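For reference, the structure discussed in these notes is given below.
The values are calculated or read from the model by the stated rules, or taken from the named source; none is laboratory data. Owing to the predicted nature of the structure, the values given are computational and were not obtained by experimental measurement. When we count neighbours, we look across all protein chains shown, and the Cβ atoms used for this are built from the backbone with ideal geometry, even at glycine.
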Amino acid sequence: MLEKNPVIFIILAFVVIMIGTTVTMIAPFKWINGPNDRIAEVKPYTPLQQEGRDIYMREGCNNCHSQTVRTLAADVERYGYGGGYSKSGEFVYDRPHLWGSRRTGPDLAHIGLKYPDQKGMWHRKHMENPQSVVPASNMPAYAFLNEPLDTTYSERKMKLLKFPYSQADLDELKGKTEMDAIIAYMRKLGTDIPIKKAEAGQQASVSKNNPFSDLKAVKADALSIYAKDCASCHGDKREGTLGPALTGSSKTDAELFAIISKGIEANGMPSFGGSLDEQKIWKLVTLIKLGKQND
Ligand code: HEC
Ligand code: HEC
């Protein structure tokens, strides 16, 4: 009956659609993204990081990289880097957000946790020539970003976004390149969230004796872990590139274990205590101690 009267049909259809829209899209704002979702530690971008973010958008990095770690265990394992999945409070200063939906390359939401190195050496090398670090990469080279940064609008951007900044922050932009800016942005991503350093606690219970003394027995395993986690910085043949050569070492097994597990983060050596179990780390130690360059 009703469907024979187009005017009433349209009105009722509109009402039904509006109810659906309200319930699924408007009402949730009552209980999500409220003050409780704020993360106090998350800070606005500095002028240099904000410029880097704008270059990220200009270059369309988000066509290949997403910036959100989904709640799935696999995603957290792969892209969380100790920071867990992405929470809404991590994005309060992102205007616009760069979550993206396409992952030709890895998710970058927490990339700052993966490469904590203060000088950004890994990023510089990777950005200038991705294939020099990850041979199979199809990421284009961005060496052309080694150009002076255009700071004409830096101050206006900060004002418009209502981000705090000081004259010292602005002065810091002088002499910086676009590359410096994008590296500063990469290094910031994910680093504000408070992360639980589980490794420190685990250390205490670790046995200090290397259970593997026979290189032959562990070599295949160790080489495959090495290829996946270490080769990008220590070279395919452990000859040393960004990090030192790992063909033999004067350090004790326990010292090597501690370095791999805790990292030397300020200098660019990440910690692996959270991602590799004790057995795997000891296998790597054995490889580093006993493996020669061309054996
Ligand atoms: C054509 C797709 C593509 C574009 C465009 C691209 N990337 Fe990538 N990116 C990749 C792929 C694939 C990888 C994984 C291999 C590698 O590390 O090079 C990657 C890796 C990375 C990594 C290292 C991730 C990790 O977990 O080790 C960073 C950082 C990165 N890209 C930043 C950028 C930035 C910044 C831009 C823009 C200036 C950009 N990418 C543009 C495809 C792309
Ligand atoms: C993102 C780059 C990067 C990755 C990945 C990386 N390292 Fe390192 N590593 C470094 C840098 C840089 C240093 C030098 C730190 C320093 O001198 O303080 C270093 C230092 C070391 C040292 C100390 C060497 C010495 O004699 O002083 C060991 C051992 C080591 N790495 C092992 C590993 C192992 C094993 C892996 C893989 C599980 C690995 N690294 C992955 C960058 C990396």
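Per-residue answers, yes or no, for (1) outside the structural domain of PRO148 (by TED's automatic domain parsing); (2) surrounded by 14 or more Cβ atoms within 10 Å (Cβ to Cβ); (3) at pLDDT 90 or above; (4) under 27 Å from ASP171 (Cα atoms):
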site: VAL15; (1), (2), (3), (4): yes, no, yes, no
site: GLY20; (1), (2), (3), (4): yes, no, yes, no
site: TRP31; (1), (2), (3), (4): yes, no, no, no
site: ASP54; (1), (2), (3), (4): no, yes, yes, yes
site: ARG58; (1), (2), (3), (4): no, no, yes, yes
site: TYR79; (1), (2), (3), (4): no, yes, yes, no
site: SER88; (1), (2), (3), (4): no, no, no, no
site: LEU98; (1), (2), (3), (4): no, yes, yes, no
site: ARG103; (1), (2), (3), (4): no, no, yes, no
Checklist entry - Does region 81-119 hold any residues that are among the charged types (D, E, K, R), within 16 Å of ligand 2 (Cβ to nearest atom) and touching a Phe, Trp or Tyr at 6+ places or on another chain (Cβ under 8 Å), and which are they? => result LYS114
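Where in region 143-218 are there helices (runs of 4 or more DSSP H), lying wholly inside it, with at least 1 residues that are within 16 Å of ligand 1 (Cβ to nearest atom) and at pLDDT 95 or above? Walk me through how you get there before you give the answer.
Details: elements: 154-160, 167-171, 178-188, 198-205.
Qualifying helices (runs of 4 or more DSSP H): 178-188.
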Checklist entry - If you go through region 98-137, how many residues are more than 10 Å from ligand 1 (Cβ to nearest atom), over 16 Å from the mean Cα position of the chain (by Cα) and in a loop (DSSP other than H, G, I, E, B)? => result 1
Checklist outcome for this item: Restricting region 217-235 to residues that are within 13 Å of ligand 2 (Cβ to nearest atom) and of a type in the set (D, E, K, R), the one nearest to MET121 (Cα to Cα) turns out to be ASP229
Checklist entry - Among the residues of region 64-89, which ones are under 29 Å from ALA141 (Cβ atoms) and touching a residue at least 60 places away in the same chain (Cβ under 8 Å)? => result CYS64, GLN67, TYR81, GLY83
Item to check | Residues satisfying the stated conditions in region 236-253, i.e. in contact with a Leu (Cβ under 9 Å, 6 or more places away or on another chain) and either more than 10 Å from ligand 2 (Cβ to nearest atom) or acidic (Asp, Glu) (or both) | outcome: GLU239
